[in-house]
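Encoded as structure tokens, the structure appears first; notes follow it.
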Amino acid sequence: MKNTFLTFVLLLTVSFAFATNELENISTLSNYSLEKNDKTDGNIIVKTEILDKILKDNKVLECSMVINYYDVHGDLISTRHYYTSGSCESLLAMM
Amino acid sequence: MKKIKTSILFIFIFFSAFSQTKLEIHYNVYFNFGLPIEKLGVLKITENKSLFEIQTKNANSSLKLNENGEYTKVVSFTEKGFIDSYFIDFEKQIFVLEENILGETYVVTRGLHNIDWIVMEKTKKIGSFDCQLATGEFRGRIYNVWFTTKIPIISGPWKLYGLPGLILEATDSLNQVQFVMESIKTIDDPINFKSLKGSKEITFEEYVYKKENYKKEFSKKVDSKLPREIRGESVISKSKGLEVFDNTNN
């Protein structure tokens, strides 16, 4: 009975250690404005913001961006969310 | 409180005799439908014509006389910009608008629209002008406007007119649209409407369709240009913007 309990505690400790390690490697920069860009593209006002980057071992797993498009009177036309996996390069190219 | 539904033509005939001067009034134009924007509004008026232009701060327009003795509209920009124009000929009873919708400029010519103004007792001074309050509904918004009979011209900024005096200030009930007079001066230039090169003439029905659908059209266009590696989701805004068109054809 005592051995079973010790095995259980050991397994729990090992699982926790692995989980912690994974969490240390994956970090997400939630709601952190990494890049911002406001521009007027012809007759559209474009406000762009990189919202979130999910990193693992300092490599980007996923990147997300939000773009708000406004017309010439400042009326919101649409809000668009974009996602890429691998890197933020293609999103940054849209800014 | 007195409701006025007097015909615009009648007011025009009555007051035209008093207003022989050409005036240029500058308004500070403020829109806030999500992104606050300030613009310059320039209203030029004579006894029978008015031209209102909403300009970006980096744009201006003027009429230049060419070799054939005709006036040509010249728009100059320091950067990318645009101008929306609203021209009224009170004598001929026509209203011409030239607006930019997603980079294309359209011209629409039609009759004058009516706004059923209710003139209130309330008064205030704007600059040296005694003004009176009036309220009226136009395309989905209720406007409170201050007009002065000291300038007995039935004109005003944008598409707001029809009171027995010039509108110097207009604010909608949601505080999203505002026109505030900044300056007024006399001018010598003629007032004529000249559409921009490349403007397309369309009917009022086509104009309404474009205004109601440009958000969807724009989103389709953006989607079609999206690189393959990017996944996208979009929410088309339901904001009513500056004006909402109903079936009254007004």
Q: Report whether or not B:Val180 is under 21 Å from B:Glu121 (Cα atoms) and within 18 Å of the chain's Cα centre (by Cα).
A: yes
**Q.** Per-region count, the range A:48-86, residues more than 9 Å from chain B (Cβ to nearest Cβ) and more than 10 Å from the chain's Cα centre (by Cα)
**A.** 7
Q) Does the range B:117-129 contain any residue that is modelled with pLDDT of 95 or more and assigned to a loop (DSSP other than H, G, I, E, B)? A) yes
Q. Would it be correct to say that B:Ser219 is within 14 Å of chain A (Cβ to nearest Cβ) and either touching a residue at least 40 places away in the same chain (Cβ under 8 Å) or surrounded by 16 or more Cβ atoms within 10 Å (Cβ to Cβ) (or both)?
A. yes
**Q.** Unmet criterion (only one of (1) outside any loop (DSSP other than H, G, I, E, B); (2) among the small types (Gly, Ala, Ser); (3) away from every other protein chain (no Cβ under 12 Å)) for B:Gly232
**A.** (3)
Q.
Looking at B:Lys92 and the list (1) at pLDDT below 95; (2) assigned to a strand (DSSP E or B); (3) more than 14 Å from chain A (Cβ to nearest Cβ), which single condition is not satisfied?
A. (2)
(Q) I need a count of the residues in the range B:151-163 that are at pLDDT 95 or above and surrounded by fewer than 24 Cβ atoms within 10 Å (Cβ to Cβ). (A) 3
Q | Residue satisfying condition, being in contact (Cβ under 8 Å) with a residue 40 or more places away in the chain and away from every other protein chain (no Cβ under 13 Å), within set B:Gly241, B:Gly198 | A | B:Gly198
Q) Within the group B:Pro152, B:Pro157, B:Pro227, which residue is at the interface with chain A (Cβ under 10 Å from one of its Cβ atoms) and farther than 20 Å from B:Leu35 by Cα? A) B:Pro227
(Q) Suppose we keep only residues that are at pLDDT 80 or above and within 14 Å of B:Pro36 (Cα to Cα) within the range A:48-72. Which one would you say is surrounded by the most Cβ atoms within 10 Å (Cβ to Cβ)? (A) A:Asp71
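Residue-by-condition table, conditions (1) crowded, with 18+ Cβ neighbours inside 10 Å; (2) modelled with pLDDT of 85 or more; (3) assigned to a helix (DSSP H, G or I):
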| site | (1), (2), (3) |
| --- | --- |
| B:Leu174 | no, yes, no |
| B:Glu182 | no, yes, no |
| B:Glu205 | no, yes, yes |
| B:Lys215 | yes, yes, yes |
| B:Asp223 | no, no, yes |
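The values are calculated or read from the model by the stated rules, or taken from the named source; none is laboratory data. Since the structure is predicted, the reported quantities are computational estimates derived from the model, not experimental observations. Virtual Cβ from ideal backbone geometry, glycine too; neighbours counted across all protein chains shown.
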